[in-house]
Amino acid sequence: MKSLLFAFLFLISCNSSKAQESIDILPKERILELKNYIKNKDYNQNLAVFINFKIHSGKYRYFVYDLKNEKIIQKAVVSHGSGSVIKNSNQLKFSNVEGSYQSSLGKYEIKESYSGQFGKAYRLKGLDSTNSNAMQRAIVLHSFGCVPDQESQNLACLSLGCPMLSTKAFKETAKHVDQSKKSIVLYAFY
């Protein structure tokens, strides 16, 4: 009887943690907040990118999201800035200050692509007071070889503040961005 009760409790805890996991990945209030922000503005109304920095950096925490059909169409591992790391802590810190090497939170307009030291990259224009220095800080969306394609228990490599994707994930995102007639908004939150 004890083992049956234990198995039942174990199953319930697994299911509730999975449900909690799916809620925390991409909170509905963040999606709604972004939809309200872009409404009646000259941005792509059907597609957005979200980064949930609350999620472990080795896990999928970068999401290309179909706003019209309410579904994730791409998941990827994404890096954060080396300056965002707090020693001996799982927490992260964020900054809009040049030279901080920290990631910045907020909404970004994904601007034009260019070819730089990491190959193709997209300029990011900060749309909030928390990331308004993104252009000045050269915070861009790009790929880097140390970022894995698949999630794992290991932490992702660190950037100087840029969101970095694996080459494969970046190419997938680039298809969406390049095909869009209007700018796509990226929303990084914590």
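The values are calculated or read from the model by the stated rules, or taken from the named source; none is laboratory data. In this text the structure is predicted, and so the values were computed from the model without any measurement. Note that each Cβ is placed from the backbone with ideal geometry, even for glycine, and that neighbours are counted across all protein chains shown. The protein model used for the area step is the full one, side chains on, heavy atoms only, and it has no ligands, DNA or RNA in it. Shrake-Rupley method; radii C 1.70, N 1.55, O 1.52, S 1.80 Å.
Stretching the chain fully between LYS39 and LEU155 yields a gain of 38.2 nm (0.36 nm per residue, less the alpha carbon separation).
At the residue level, SER115 shows approximately 100 square angstrom of accessible surface with a 1.4 angstrom probe and all protein chains present.
Find the all-direction average of the projected area of the Cα convex hull for segment 19-123, expressing the result in square nanometres with one decimal place. Write down the numbers at each step before the final one.
Values: hull surface 33.2 nm².
The number I arrive at for segment 19-123 is 8.3 nm².
Distance between the 7 Å Cα→Cβ label points at ALA138 and VAL97: 2.0 nm. Pair-distance distribution of segment 116-190: all C-alpha pairs, bin width 10 Å, starting at 0; shares per bin in whole percent are 17, 48, 32, 3. Averaged per residue, what accessible surface does the chain expose to a 1.4 Å probe, in Å²? About 57 Å² of surface per residue is accessible. Can you flag which of LYS28/LYS125; LYS93/LYS168; LYS54/LYS181 are past 26 Å Cα-Cα? Going by Cα-Cα distance, LYS93/LYS168; LYS54/LYS181 fall outside the 26 Å limit. Between the C-alpha center of segment 163-184 and that of segment 87-161 there is a gap of 14 Å. Axis of helix 167-179 versus longest Cα principal axis of the chain: the two differ by about 60°, to the nearest ten degrees.
Each of (1) 100; (2) 110; (3) 134 is a candidate for volume of the Cα convex hull per residue in Å³; the one calculated from this structure is (3). Surface composition of segment 63-190: carbon and sulfur atoms hold 48% of the protein heavy-atom accessible area at a 1.4 Å probe.
The length gained on full extension between ASP66 and ARG30, counted as 0.36 nm times the residue separation minus their Cα-Cα distance, comes to 11.6 nm.
Find the relative contact order for segment 38-181 and round it to a whole percent, using C-alpha pairs within less than 8 Å whose residues are 6+ positions apart.
On the way: 318 pairs, mean separation 33.5, N = 144.
RCO, segment 38-181: 23 percent.
Under the convention that each Lys and Arg Cβ holds +1 and each Asp and Glu Cβ holds -1, the size of the dipole of the chain around its Cα centre is about 140 debye.
Seen against the Cα atoms of the chain and their longest principal axis, helix 28-38 is set at about 20 degrees.
Computed over the chain, the per-residue total of -39500 (n - 2.57) for DSSP H runs of n ≥ 4 gives a 222 nm mean residue ellipticity of -8500 deg cm²/dmol, rounded to 500.
When the GluC sites (Glu not before Pro) in segment 26-83 are filtered for DSSP coil states and for at most 16 other beta-carbon atoms within 10 Å of their beta-carbon, the remaining sites are GLU70. The local environment of GLY126, defined by Cβ-Cβ distances under 14 Å, has a net charge of +2 under the rule Lys, Arg +1 and Asp, Glu -1. Putting +1 on Lys and Arg Cβ atoms and -1 on Asp and Glu Cβ atoms, find which of PHE170, ALA156, ASN88 reaches farthest to the positive end of the dipole of segment 50-190. Positive-most Cα among the choices belongs to PHE170. Relative intensity of segment 77-119 on a log10 scale, I(q)/I(0) at q = 0.18, 0.19 Å⁻¹, equals -0.70, -0.76, per a Debye sum over C-alpha point scatterers of equal strength in the absence of solvent.
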